[in-house]
1. Given (1) at pLDDT below 95; (2) loosely packed, with under 11 Cβ neighbours inside 10 Å, where does A359 come up short, assuming only one miss?
2. Looking at E338, is it touching a helix residue (DSSP H, G or I) at 6+ places or on another chain (Cβ under 9 Å), within 30 Å of E208 (Cβ to Cβ) and outside the structural domain of E204 (by TED's automatic domain parsing)?
3. Exactly one condition in (1) among the acidic types (D, E); (2) surrounded by 15 or more Cβ atoms within 10 Å (Cβ to Cβ); (3) assigned to a loop (DSSP other than H, G, I, E, B) is false for E338; which is it?
4. For region 112-126, how many residues meet the condition of being assigned to a helix (DSSP H, G or I) and under 16 Å from the mean Cα position of the chain (by Cα)?
5. Answer yes if at least one residue in region 256-264 is in contact with a Pro (Cβ under 8 Å, 6 or more places away or on another chain) and surrounded by 13 or more Cβ atoms within 10 Å (Cβ to Cβ), and no otherwise.
6. Looking at (1) surrounded by 12 or more Cβ atoms within 10 Å (Cβ to Cβ); (2) not in a strand (DSSP E or B), which is the one condition that is false for F24?
7. For region 90-105, enumerate the residues that are of a type in the set (D, E) and at pLDDT 90 or above.
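The values are calculated or read from the model by the stated rules, or taken from the named source; none is laboratory data. If you're wondering where the values come from, they're calculated on a predicted model, not measured in any experiment. Quick reminder, even Gly has a Cβ in these numbers, built from the backbone with ideal geometry, and neighbours come from all protein chains shown.
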Amino acid sequence: MNIQQRGNGFQLRVINPLLPKAFFHTFGSRIEAESYGNLLKAQLARGAVPREVFDKLSPPKRGSDPLVTGLLTSYKTGNASISRTDTKDSGYVAREFAAERISDIDYDFVEAFAKRLRMRPMTPSTIRARIGLLGRVWDWHLGRSGAKSISNPWRMLPAGYSVANEKEQEEIIRSGKEIKRDQHRDRRLEPGEEDRIERVLDGEKLLEDRERGLPANPELKVLFRCLLHTGARMREIYMLRRSQVDTASAYVRLAGTKGHRGALKPRKVPLRKALVATLNSWLAQLPAKEDRLFPTLWSGTEDKDELEGVSNRVSQQLSAVYDHAICPGLRTHDIRHEATCRWVMLKTPDGMYALSEQAVVKLMGWSSPAMISRYLSLRGEDLAAMISDL
């Protein structure tokens, strides 16, 4: 880095192997030149070339600087490995942009973009999801363009960028808005809730202020038991076929519905005795030619949009059941947390814990053991039971 006075200005020159040629820029004062130069040196040391520097040295070719909205559309339609979540969220993210082009997106823009989301306000997890998506879109674009030395501005935000600072929180409160915070889900079934849910599924009315209860739904009752006693995802359960259920060997073979960038993770999950009995009874009453385990819930299609609709309908049905069963705040995903805790706490007849941490990770279909800490919501009485013999 070199700074020379040129007339009334100060010219900064930076030479670095990451740059296609020497970078020159003139500032009004030596302090400004030194400040920018030191910042540029720090970024180059991390292997990142700021977009404005790269564009000055290698101006975008005509047609290579598309609108951000166009890039998002290309990512959604032309990226074979895009995840289901990114496909859905790309529509929300596209609304944040008007006529901005890729060359307009530098670190200052990204920083201002994150602040705009914080001030709206959005929950930190939603902000991280949207900026994380934009980071993946930029990675995809840079990879395709071959410009691997350009820094991705969406990856340069500091830790904690999704949380409003004290000054921003004061502004949010003054504007009459509510500060949004992440909510850690640790809801589990409370004593008596499982019994009440099953009674509602049998058609019993528990709420005095309701004119009538929900009609009995034996199919949904079997699905609920499968969710609770396997910990599988809802789509993995309602898409089950006869060929995937082996009650003689007491396991169910899940095809897997979620994985890194769309990768399926099939696995076998053991069945406890009570669930084996439930499945045997249910299979016995299904028509012999019916291959689907839950024929009124799922038509057999594997179309992504239709499956999304099935998931929404089943979730709504279960939510109504939880409401009638007096289970405030309970969501179907909480049942997966409950199942995780039950697998972890499961003991053999001689009092030993039946499953290792690795086994729980495997049967839950996770890629990382870190997921256990996210799903494990042990109560104080659970911990007391674990050390009761010590």
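1. Of (1) at pLDDT below 95; (2) loosely packed, with under 11 Cβ neighbours inside 10 Å, only one is false for A359: (2).
2. Details: touching a helix residue (DSSP H, G or I) at 6+ places or on another chain (Cβ under 9 Å): yes; within 30 Å of E208 (Cβ to Cβ): yes; outside the structural domain of E204 (by TED's automatic domain parsing): yes.
When the stated conditions are applied, E338 passes them.
3. It fails just one condition, (3).
4. At the first step, the residues of region 112-126 found to be assigned to a helix (DSSP H, G or I) are 112-119, 124-126.
The next check asks that each one be under 16 Å from the mean Cα position of the chain (by Cα); those that pass are 124-126.
So the count comes out to 3.
5. So the first thing to find is which residues in region 256-264 are in contact with a Pro (Cβ under 8 Å, 6 or more places away or on another chain), and the list is 256.
This time we only want the ones that are surrounded by 13 or more Cβ atoms within 10 Å (Cβ to Cβ), so: 256.
Yes, region 256-264 contains a residue that is in contact with a Pro (Cβ under 8 Å, 6 or more places away or on another chain) and surrounded by 13 or more Cβ atoms within 10 Å (Cβ to Cβ).
6. Every condition holds for F24 apart from (2).
7. Let us first name the residues in region 90-105 that are of a type in the set (D, E), namely 96, 100, 104.
Residues satisfying the conditions are E96, E100.
Residue-wise test of (1) out of contact with any helix residue (DSSP H, G or I) (no Cβ under 7 Å at 6 or more places or on another chain); (2) part of a loop (DSSP other than H, G, I, E, B).
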{"position": "R128", "(1), (2)": "yes, no"}
{"position": "E170", "(1), (2)": "yes, no"}
{"position": "K177", "(1), (2)": "yes, yes"}
{"position": "D209", "(1), (2)": "yes, yes"}
{"position": "V222", "(1), (2)": "no, no"}
